[in-house]
Structures are given as structure tokens and as C-alpha cells.
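For reference, the structure is listed below as C-alpha cells.
Any read-out appearing in this document is the output of simple, stated calculations on the displayed coordinates, not a laboratory observation. Here the structure is a predicted model, which means the values were calculated and not measured. Please note: Cβ atoms are built from the backbone with ideal geometry, for glycine as well, and neighbour counts cover all protein chains shown.
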């Protein structure tokens, strides 16, 4: 019986996913392109948010937001488990992300990343890092929010990596509020949903199919207080942001203190 439910869920969601991909996404991209040409930022934000909410719904993600929703311009700093972190955040605020250069060439996600003003970083390249840092500062000075994953890569969700502070320096230099976001994936039993994790060597479409098979997953977004102690320096602000995220992940045994 469970196998029947399993494949029925996959079939229904796959049909909706293909319809959204072939029937809705082209119009969304057209709206985004037109809004950029006409400099209609609110229309651009609506289109990205609409698509992100639709995609999350098809993937079986139910988003719950705790704390004060950030308003632009801010720098969002979040933990990173899956490519789904991006549409999850875009479902409630438009922010230009920083992603590894390889994502630009991925099917579906690459197109969406470019449409959503993503900056692509060539990891390990100091010149690329400087270029991205300058672009982040430029966007923040234009009152446009940005979002980064300071761990630098995805994890399986069982632990939190060290936060790199180089890109956070853009918020300090432009005196833009830094808002930490803790993203938690909860299964139907109230525990951490381990199956949403995106392992780096996993084919993207393989992960999409795996997500389509899962039962409904609750996504908790815990918005921390805006950090504005710019005089304390980038290192201190990075530690404060990480501490907030870690404290949220440790609640309800979501993340083991020993992890």
C-alpha cells in the first residue's frame, strides 16, 4: 500500500512539475525579462516570488516563517542544505544570491539562477571573489537585498560548517543590516528531514525526482534580529550570525550538539 501511495505521489507531482516547467516558466521568464528592461522592480519581485512559491508547493514544501520578515535592503546569511534553499527564500523576499559558477550551466536551476540576479563565484579564485564582493556592495548601495551561504557549500544538514566572512564584509562596508536565517526541514514525524539534503556529486535531476517522492515537508525559516554593529567588525558579525543559526538548529534536537 505504501508503494502505491509513493508512486501515486510521484506521478501527480511529476505532472504538475512538467506543466509548471513547460507551461508556466516561459511566461515567468518573459515577465522577469520585461520587468528588468522596464526597471519594474516590484513586478520582477512578484514574478520570482510567484514561481518560487509554486515550485516549493509542487515539491511538497510547506513554509513557516518565524520572527520578523526582513525588508530590503538586507544581507541574508543562511545555512545551506539544498538548492531548494534559494526558492524557499525567494518565496518571501527577492535577493540576489551568490552561487558557484557550475550552477550557471545546470538545467532548470541555472536558468532560474540567472533570472534571479544570481552572482556566480569561481571558487578558489581570488580575483573572482573580489569581483563578486564589489558587485555585492554595488547592489546593496542600490537598496537591493543579497543572500549568501557562508558555509561555502551544502551539508547533509547534520552539522553547521565554519562561516567564511569575506562576502559578509560587503554588508559592513555599506552598513547594510545582516539578517541571519536558520532553515530547518521537518518531516511528518517532527524530526529533521534528512532526505532533502543535496550532496554535491548528486545529479540535479536525480535530486528533483527524490524530492517529488517525499511526503510533505515543513520548512521552518527562523529570521534573526538584524545585526547592525558595524563597528565591531566583519569577524564579530559573522560569529553573531552563525551563533544565532546554530542556536535555532540545536532546538528540539534538530541538530545534535555533538554534530
In whole Å and largest first, what semi-axes does the C-alpha gyration tensor of the chain yield when each eigenvalue is scaled by 5 and square-rooted? 28, 23, 16
Per the rule of 0.36 nm per residue minus the C-alpha distance, extending residue 142 to residue 161 adds in nm 3.8 nm
How far apart, in nm, are the 7 Å Cα→Cβ label points at residue 62 and residue 206? 3.1
Between residue 43 and residue 20, what is the FRET efficiency for a Förster distance of 22 Å, r being their Cβ-Cβ separation, to the nearest 0.05? 0.65
Once both labels are modelled 7 Å past Cα along the beta-carbon direction, what's the residue 218-residue 175 spacing in nm? 4.1
Add -39500 (n - 2.57) for each DSSP H run of 4 or more in the chain, then divide by its residues: what number comes out at 222 nm, to the nearest 500 deg cm²/dmol? -13500 deg cm²/dmol
Radius of gyration, Dmax [the range 97-247; alpha carbons; angstrom]: 16.4, 48
